[in-house]
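Visitor: Just passing along the structure, written as structure tokens.
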């Protein structure tokens, strides 16, 4: 693969990443600030926003799995000689550490005497960074298995995704706190307060790993219209099957998805594939994209961490949620979301101008 091909491949992936992280920024901002009286599903604009918010996390997870596996498989070396293994493990530790630090309840890490149970519950919550960290770990684990048993990445990662998706509806009904300590139980289900337990959310990352592996092993596939159309077609087939199932079972399909329902999971996978195919198709008609979009796509972790601290606060600041949480009308909320995106964009440009290139902080 020559340098031009590598650059074009990164552009294609960065389009997805930039879209995902900006969606997450505006989604969090609106969710924190919009007053409850304006949250009505009778409003078309709110329903569309709520639908896309439900799609943001799967898109983010899928693209994270794609990017990591793409870079991992670009190195044509056995697992034990691949320098990306050590980088991936460091990345895993970094994400888990930052995930807990964002929710750390006290200035003094050695004194939890005055920490309430509710504060501890927040601290133990499994969020996006914990999930992505373990997702990277599982991608490396199954990449190792794929090499040793020689059945190929596609089959291995697909089976791995099913391991996290299939047990979901059974796991959510188990009281894991009765069997495991809370910090560990939180990784298994949402009943302990976790937003993104491994089941089913790690499945989206492992499905993204399939695409990442294909992109790394097929240097020109992203420029193939058939690849884009096949991706869209597979997504449409999955979406159609979901709607057909709902029609035949006479059940109602709401925009307010249950994240642990098989139909919801399938719908989200189908939607992500359609979006991926569309972005791939668009990327074929352009020679380059603004460098700013590339920078946004490559600084997702920095953007994620900073905007969360601004919105939700930390041990060093109260956060906008304390001041204006659920108090603004739609006009001011939209303005706040735009300002948040502009602020994150300015931060990325500043980091680039100052040439701050801590590789561990660039996703």
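Visitor: For a quick check, take a GNM of the chain with Cα springs below 10 Å and name the residue from 43, 259, 283 with the largest mean-square fluctuation.
Guide: 43
Visitor: Using only DSSP helix segments of four residues or longer, with each worth -39500 (n - 2.57), what per-residue ellipticity at 222 nm results for the chain after dividing by its residue count and rounding to 500? All intermediate terms of the calculation are to be shown ahead of the outcome.
Guide: Values: 15 runs with 249 residues, N = 363.
Dividing the helical sum by the residues of the chain leaves -23000 deg cm²/dmol.
Visitor: Under a point spin-label approximation (7 Å from Cα along Cα-to-Cβ), what is the residue 47-residue 79 distance to one decimal in nm?
Guide: 4.8 nm
Visitor: Can I ask one more? Want the number for residue 104 to residue 249: 0.36 nm per residue separation, take away the alpha-carbon distance, what's left?
Guide: Using 0.36 nm per residue and subtracting the Cα-Cα distance, I get 47.6 nm.
Visitor: I would also like to ask the following. How much length is gained on full extension from residue 180 to residue 120, taking 0.36 nm per residue of separation minus their Cα-Cα distance?
Guide: 20.0 nm
Visitor: To continue, here is another question. Using only Cα atoms, what is the ratio of the radius of gyration of segment 3-361 to 2.2 N^0.38 Å?
Guide: 1.00
Visitor: Then there is this: Tell me the label-point distance for the pair residue 97, residue 291, using the 7 Å Cα-to-Cβ offset, in nm and rounded to one decimal.
Guide: 3.1 nm
Visitor: Just rank 13, 149, 210, fewest to most, by other beta-carbon atoms within 10 angstrom.
Guide: So the ranking, lowest neighbour count to highest, is 149, 210, 13.
Visitor: Connecting C-alpha atoms closer than 10 Å in a GNM of the chain, tell me which of 14, 127, 76 has the biggest fluctuation.
Guide: Most flexible of the set in this elastic network: 76.
Visitor: If you don't mind, another one. Within a 10 angstrom radius of the beta carbon, how do 46, 70 rank from fewest other beta carbons to most?
Guide: Listing 46, 70 from fewest to most nearby Cβ atoms yields 46, 70.
Visitor: Okay, next question. At a Förster distance of 51 Å, what's the computed FRET efficiency of residue 163 paired with residue 354, Cβ-Cβ distance as r, to 0.05?
Guide: Efficiency for this residue pair is about 0.75.
Visitor: Okay, next question. Plugging the Kirkwood radius over Cα pairs into Stokes-Einstein for segment 176-227, at a temperature of 25 °C and a viscosity of 0.890 mPa s, what D comes out in µm²/s?
Guide: It diffuses with D of about 183 µm²/s by this estimate.
Visitor: For 147, 37, what's the fewest-to-most ordering of other Cβ within 10 Å of each Cβ?
Guide: 37, 147
Values quoted throughout were computed directly from the atomic coordinates according to the rules given, and no laboratory measurement underlies them. Just so you know, these numbers come straight off a predicted model, no measurement behind them. Cβ coordinates were reconstructed from backbone atoms using ideal geometry, including for glycine residues, and neighbour counts include every protein chain displayed.
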